[in-house]
Amino acid sequence: MKIICIGRNYANHAKELNNPLPKEPVFFFKPDTSLLPKKQPFFIPNFSNDIHYETEIVIRINKVGKNIQERFASKYYDEIGLGIDFTARDLQQICKTEGLPWEKSKSFDGSAPIGEKFIPISQIADLEKINFNLLINGEQRQIGNTSDMIFSFSSIIAHVSKFVTLKIGDLIFTGTPEGVGPIKIDDHLEGFIENEKVLDLKIK
Ligand code: ZN
């Protein structure tokens, strides 16, 4: 399986990092080794002094598809969850400045934990208005709503599948709202979709 991540999909987040707004979805990959085994904490790696959390709605692909038309894209996933796109912001800044690929700042081991609970989309009232949020140590850090996405789930699937065949079990991280920031040892991250807790992660 593969993990596809969308960058700069929320205007206020693009602004907080001084990035221009994209004209088409920006995507990159994480390997399967960036998933964390269930119940395992995230260990801050020693190659970065500035690991940031990015809370994102994750969609799970349930059908093989290539060149998927936007109007059929909703048939290619049936559940959503929450994931953290951990980013070594210090390394990413160097990569960006030097015009190099981002992988070492985004795709390291454990950089894509996902919540244990995925919610069937049949239980979601409106996919274009999903509320989600992140608490760290009980304090509100990120609040998002999918109505603020620049590119919808369907347009992301249509765009990515022009270039890459989607397969069953692939995950798409759909971008983070504003409010990203650093984590530290002993932080406790809790993620919610519509007030339902779907992610619980300890930092070590
Ligand atoms: Zn992200």
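Amide H contacts of Phe43 (H built 1.01 Å from N, in plane; Pro and chain starts excluded): Lys204 sit under 5 Å, all sequence-distant by 5 or more or on other chains.
Working note: Karplus 6.51/-1.76/1.60 with θ = phi - 60° gives region 156-171 the couplings 4, 4, 4, 5, 4, 6, 5, 9, 9, 5, 8, 10, 4, x, 4, 10 Hz, where Gly and Pro are set to x.
Can you give the FRET efficiency for Glu24 and Asp186, using 1/(1 + (r/R0)^6), R0 = 45 Å, r = Cβ-Cβ distance, to the nearest 0.05? If you can, show how the numbers build up before the last one.
Numbers: r = 40 Å, r/R0 = 0.89.
Plugging the Cβ-Cβ distance into 1/(1 + (r/R0)^6) gives 0.65.
Take the chain with all the other protein chains still there, run a 1.4 Å probe, and you get 48 Å² of accessible area per residue.
Taking Cα centre as origin and charging only the Cβ of basic (Lys, Arg, +1) and acidic (Asp, Glu, -1) residues, the dipole magnitude of region 20-97 rounds to 300 debye. Farthest towards the positive end of the charge dipole of the chain, among the residues Phe118, Ala73, Ser152, is the Cα of Ala73, using unit charges on the Cβ of Lys, Arg, Asp and Glu. Inter-part distance, region 127-149 to region 1-80, computed on C-alpha centroids, equals 15 Å. Report, to the nearest whole %, how much of the accessible area of region 1-113 belongs to carbon and sulfur atoms, 1.4 Å probe, protein only. Exposed carbon and sulfur together represent 53 percent of the surface.
What number comes out for the charge environment of Gln69, summing +1 per Lys or Arg and -1 per Asp or Glu over other residues with Cβ under 13 Å away? Charge balance near Gln69 sits at +3.
Sorted by accessible area with a 1.4 angstrom probe, largest first, how do Arg141, Arg71, Arg8 fall?
Sorted by accessible area, descending: Arg71, Arg141, Arg8.
Near the amide H of Asp78, within less than 5 Å, lie the amide hydrogens of Arg60, Asn62, all on another chain or at least 5 residues away, with H placed in the peptide plane.
Only one residue of Phe43, Val64, Leu201 has its Cα farthest out toward the positive end of the dipole of the chain, where Lys and Arg carry +1 and Asp and Glu -1 on Cβ, and that residue is Val64. Roll a 1.4 angstrom probe over the protein heavy atoms and tell me the percent of accessible area of region 151-201 that is carbon or sulfur. Exposed carbon and sulfur together represent 55 percent of the surface. Rounded to the nearest 500, the 222 nm mean residue ellipticity of the chain from helices alone is -4000 deg cm²/dmol, with -39,500 (n - 2.57) taken per DSSP H run of at least 4 residues.
For the set Ser74, Ser34, solvent exposure ranked by accessible area (probe 1.4 Å, protein chains only) runs largest to smallest as Ser74, Ser34. About the centre of its Cα atoms, region 149-204 shows a dipole size close to 300 debye [charges on the beta carbon of Lys, Arg (+1) and Asp, Glu (-1) only; nearest 20 debye]. Anyone know which of Phe108, Phe86, Phe163 comes out most mobile in the 10 Å Cα GNM of the chain? Taking springs between Cα atoms under 10 Å, the residue moving most is Phe163. Here region 155-188 is scanned for amide nitrogen atoms under 15 Å from the site 7 Å beyond the Cα of Lys2 along Cα-to-Cβ, giving 157-173.
For the chain, what is the charge dipole size about the Cα centre, in debye to the nearest 20, if Lys and Arg each add +1 at the Cβ and Asp and Glu each add -1 at the Cβ?
Values: 25 positive and 27 negative charges, 127 e Å.
Here the size comes out at about 600 debye.
For the chain, taking Cα atoms only, Rg and Dmax work out to 15.8, 45 Å respectively.
The values are calculated or read from the model by the stated rules, or taken from the named source; none is laboratory data. The model shown is predicted, which means the values in this text are computed figures rather than measured ones. Cβ coordinates were reconstructed from backbone atoms using ideal geometry, including for glycine residues, and neighbour counts include every protein chain displayed. Please note that ligands, DNA and RNA were not included when accessible areas were found on the heavy atoms of the full protein model with its side chains. Shrake-Rupley method; radii C 1.70, N 1.55, O 1.52, S 1.80 Å.
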